[in-house]
1. Among the residues of the stretch 1-32, which ones are farther than 17 Å from residue 54 by Cα, not charged (D, E, K, R) and not in a loop (DSSP other than H, G, I, E, B)?
2. Report the residue count in the stretch 33-55 for those that are part of a loop (DSSP other than H, G, I, E, B) and either of a type outside the set (A, V, I, L, M, F, W, C) or more than 15 Å from residue 7 (Cα to Cα) (or both).
3. Against the condition surrounded by 15 or more Cβ atoms within 10 Å (Cβ to Cβ) and touching a helix residue (DSSP H, G or I) at 6+ places or on another chain (Cβ under 7 Å), how does residue 17 come out, does it pass?
4. Six or more apart or on different chains, Cβ under 6 Å: which pairs go from a residue in the stretch 40-69 that's at negative phi to one that's of a type in the set (Gly, Ala, Ser)? Could you list them?
Amino acid sequence: MQARIIKMLCGFREIPLSDLAEKLGKSTSNFYQMLKRDNFRESELQQIADILNCDLKITFVDRESGKEF
């Protein structure tokens, strides 16, 4: 899920994924593997959000009521 959003935001910002990888200090191949696994630490997501000029919001949402926590 996060990988899809990251790719979408890069497209929206017109930033190639290879440029994002470079700004994160990662090789392009390493970053593509991270996207493939779609398993990011919160700190990595925060770095990506900062680079893409976004705020990171992580919430839990009750499935029955839709209420966010």
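Throughout, read-outs are computed from the coordinates displayed, never taken from laboratory work. If you're wondering where the values come from, they're calculated on a predicted model, not measured in any experiment. Positions of Cβ are generated from backbone atoms using ideal geometry, with glycine treated the same way; all protein chains shown enter the neighbour counts.
1. If the condition is that a residue be farther than 17 Å from residue 54 by Cα, not charged (D, E, K, R) and not in a loop (DSSP other than H, G, I, E, B), then 18, 28, 29, 30, 31, 32 are the ones that fit.
2. Residues that pass the stated criteria total 5.
3. Yes; evaluated as a whole, the condition is true for this residue.
4. From residues that are at negative phi, the pairs are 56/49.
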